[in-house]
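So the structure is just underneath, and the comments pick up after that.
FYI, it's all coordinate maths here, none of it is from the lab. In this text the structure is predicted, and so the values were computed from the model without any measurement. Here the Cβ positions follow ideal geometry from the backbone for every residue, glycine too, while neighbour counts run over all protein chains shown.
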Amino acid sequence: MNYRYRKVGNYLLPLGYSVMNALLTFGVGYSRTDLESLGVSRPIAKKIIKAIILGKIRSADPAQVISLPVSAVLGMQVHHGYKMFDFAKNEVTKVFSAGYATAKAHAEIRAAVQASAIAAAPRFVEAEPNSRWFTEEYIRGTHATKLVATDSSDYQKYYQDAEKCLLELQSSMPVISRSVGEHLKYLVDTPFRDRWLDAGAPSAEIDAIADYQQLLKSWIAGNADADQLQLVATHGDFSLVNAIATRDGLRFIDWESVTPGCMFTDIYNFLLVERYYARTSAKFSDEVREILRRFRTATIDSRSDLADAAGLSERLARRLYYLERLRFLLERDVTTNLRQVTQKTIDLFRQFDIDMGDSSR
């Protein structure tokens, strides 16, 4: 059975949504369902209620209506599909778009199952791979970025939750040994030129990204500590942007990008995303060094078999992270915003090298 929804901006609402349901969800239930953590601000909630009262949802233009195989109170458009929320059951279902490769959809489902073993990740509920969807726990709480004051070091008080989550993640998958050359090929072999050209990006912009990738690749190939790398499971987009603050501490969402990577990748991302959004202090470089030291020690204390991974030089680990982050961005759908984010990210990496006293670029 298919259910019909109308797009309202980036949100999806069931066709025929009653005024009473709208008031219960977007009015009375706004705080109870933690809609703010989904990006539904109160002004947006008021617009949705108004649209329903005026009958715009019930009498939607067929061109604005989509059919999905799951029932939900609210939906959101996300990368490669939609997230559909059932607040009564505390569940969220990811439905993959028709153009998303089946193999990649199945890989996301496997990642969700794997991550559910981690206390800070959502609990896996069920999946229907052939129908291209899976359901997991909806985590209620406050989006962590709302709690981090601009231009401060408040993010540090969440580090302990982040460390605990990542140590569990590292234990969820066997360590992979991969040659430096093989891993570098994997990281820079993401074809993006044609997609970016089709999206209107000038060749010079694409060349600049490719040149930066090659610069990193050449440096890593010439400065690796050993021929083999120990790779662990990484979240792929680990940061306060993907964290919900609950009564029991931080819970982390969006585990679809779980992949083997450098042990320090998620910690670097946790820190540098805060720098990206200007939520760090003037002592950021010193804070990074201290957190890396603590994470290295905590890893060795809990996993003696990760001694090689923990022993990577800070510079090598940092540049492996740069390549892994770029791969994550370049695999995404090309939009104007993605292009801006990618360029700003490269600028951030270059400046961070300088801040860390690294001039070997």
| Quick one: how many lysine pairs in segment 142-355 have C-alpha atoms under 29 angstrom apart, if they're 8 or more apart or on different chains? | 11
| Taking segment 267-348, which trypsin sites (Lys or Arg not before Pro) meet the DSSP loop condition and have no more than 16 other C-beta atoms within 10 Å? | 283, 332
| If you find the alpha carbon centre of segment 104-151 and of segment 290-314, how far apart are they in angstrom? | 27
| Estimated dipole of the chain in Debye, rounded to 20 [Cβ of Lys and Arg +1, of Asp and Glu -1, Cα centre] | 1340
| message | Once you place label points 7 Å from the Cα toward the Cβ at residue 300 and residue 204, how far apart are they in nm? | response | 4.8
| remark: In nm, the gap between the two label points placed 7 Å beyond Cα toward Cβ at residue 221 and residue 347 is 3.0
| note | Ranked from fewest to most other Cβ atoms within 10 Å of their own Cβ, 116, 131 fall in the order 131, 116
| request: In a Gaussian network model over the chain where Cα atoms closer than 10 Å are linked, find which of 79, 183, 235 has the largest mean-square fluctuation. | output: 79
| query | In degrees from 0 to 90, rounded to the nearest 10, what is the angle of the helix 284-302 Cα long axis to the longest principal axis of the chain? | reply | 90
| task | Quickly estimate the mean residue ellipticity at 222 nm for the chain, helices only: each DSSP H run with n ≥ 4 gives -39500 (n - 2.57), and the total goes over all residues, rounded to 500. | result | -13000 deg cm²/dmol
| How do 47, 217 line up, fewest other C-beta atoms within 10 Å first? | 47, 217
| query | Most mobile of 119, 22, 63 per a Gaussian network model of the chain (Cα springs, under 10 Å)? | reply | 63
| request: Can you tell me the 0 to 90 degree angle between the C-alpha axis of helix 159-170 and the longest principal axis of the chain, rounded to 10? | output: 80
| query | Using a Gaussian network model of the chain with C-alpha springs under 10 Å, which one of 305, 266, 254 is most mobile by mean-square fluctuation? | reply | 305
| message | Which of 71, 239 has the fewest other C-beta atoms within 10 Å, and how do the rest follow up to the most? | response | 71, 239
| message | With unit charges on the beta carbons (Lys and Arg positive, Asp and Glu negative) and the dipole taken about the Cα centre of the chain, which residue among 306, 44, 228 sits farthest to the positive side? | response | 44
| Between the helical axis of 203-223 and the dominant principal axis of the chain, each derived from Cα atoms, what acute angle in degrees is found, rounded to the nearest 10? | 40
| Gap separating the Cα centres of segment 8-87 and segment 197-251, nearest whole Å | 34
